[in-house]
1. Pick from region 105-123 the residues that are surrounded by fewer than 20 Cβ atoms within 10 Å (Cβ to Cβ) and of a type outside the set (D, E, K, R): which of them is farthest from residue 149 (Cα to Cα)?
2. Looking only at region 25-43, which residues are free of Cβ contacts under 8 Å to residues at least 24 places away in the same chain and open to solvent by less than 20 Å² (accessible area, probe 1.4 Å)?
3. Looking at region 1-19 only, could you name the residues that are hydroxyl-bearing (Ser, Thr, Tyr) and open to solvent by 10 Å² or more (accessible area, probe 1.4 Å)?
4. If you scan region 104-114, which residues turn out to be of a type outside the set (Val, Ile, Thr) and touching a residue at least 24 places away in the same chain (Cβ under 8 Å)?
5. Could you check how many residues of region 87-103 are within 15 Å of residue 56 (Cβ to Cβ), without any contact (Cβ under 8 Å) to a residue 40 or more places away in the chain and either open to solvent by 50 Å² or more (accessible area, probe 1.4 Å) or not small (Gly, Ala, Ser) (or both)?
6. Filter region 134-169 down to the residues that are more than 17 Å from the chain's Cα centre (by Cα) and either of a type in the set (Lys, Arg) or open to solvent by less than 60 Å² (accessible area, probe 1.4 Å) (or both) and list them by number.
7. What residue, of 46, 22, is over 19 Å from residue 83 (Cα atoms) and surrounded by fewer than 16 Cβ atoms within 10 Å (Cβ to Cβ)?
8. Here are some residues: 67, 39, 55, 76. Which one is modelled with pLDDT of 95 or more, under 27 Å from residue 107 (Cα atoms) and not acidic (Asp, Glu)?
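The values are calculated or read from the model by the stated rules, or taken from the named source; none is laboratory data. What you see is a predicted model; the values in this text were computed from it and never measured. So basically every Cβ, Gly included, is an ideal-geometry build from the backbone, and we count neighbours across all protein chains shown. Please note that ligands, DNA and RNA were not included when accessible areas were found on the heavy atoms of the full protein model with its side chains. Shrake-Rupley method; radii C 1.70, N 1.55, O 1.52, S 1.80 Å.
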Amino acid sequence: MIVWVNGAFGSGKSTLVDELRPRWPEALVFDPEMVGYVLREIVEVPTGDFQDLRLWRRQVTDLAVGLVQEYRRPVLVPMTLVDPRYVGEIFGALKNAGIVAHHFFLKVSPDVLVRRIDERSFTPDDPAKDEQVRQWCKDRIEPCTAAADALPGDTVFLDGELTPRELADSVLARVGAGPRG
């Protein structure tokens with residue numbers, strides 16, 4: 001089983017997964033950004049977004065499927081994924097591999113997203129780069145929130161302004177893992 005935690009930057013994907021980890025210790029965590037970082041070291045990313053690389057999408061799917069099949073454990077995936085083509089490609093490949101995928105989307109108001117992004121430090125030793133990354137995240141708020149309407153019908157929308165504990169309770173209940181901790 002894969003539990004994909006989706007949402008705009010600043011919606012609380014990683015925070016939710018951090019809350020789930022101790023309460024669901026058998027679950028593995030797979031962050032597809034790591035695949036993107038590796039690819040950036042090897043090849044040029046013309047658009048600046050590694051999700052646009054077909055190889056990124058293929059590697060993310062292959063690794064997620066491999067983790068489930070090899071280790072027979074649930075996999076938590078915190079990753080913004082809103083381009084309908086890429087959502088279809090990745091979730092279609094998971095389904096074709098026989099993997100059960102639960103897709104959660106954290107809905108958060110744009111004002112709260114901006115505040116959360118502004119509170120984060122991405123590169124503390126490089127304030128100019130830090131601000132550049134913050135702006136990149138903010139520039140994607142509108143496309144991410146607008147894309148929520150085009151996500152698959154089985155996507156579960158959660159109020160990303162709830163506490164991490166409340167969100168984790170909801171996720172665990174929906175995937176049949178039950179509240180823990």
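1. 123
2. Within region 25-43, 36, 39 qualify.
3. Within region 1-19, 14, 15 qualify.
4. 104, 105, 106, 107, 109, 110, 113
5. Looking only at that region, the number is 2.
6. Selection gives 134, 165, 169.
7. 22
8. On inspection, the qualifying residue turns out to be 76.
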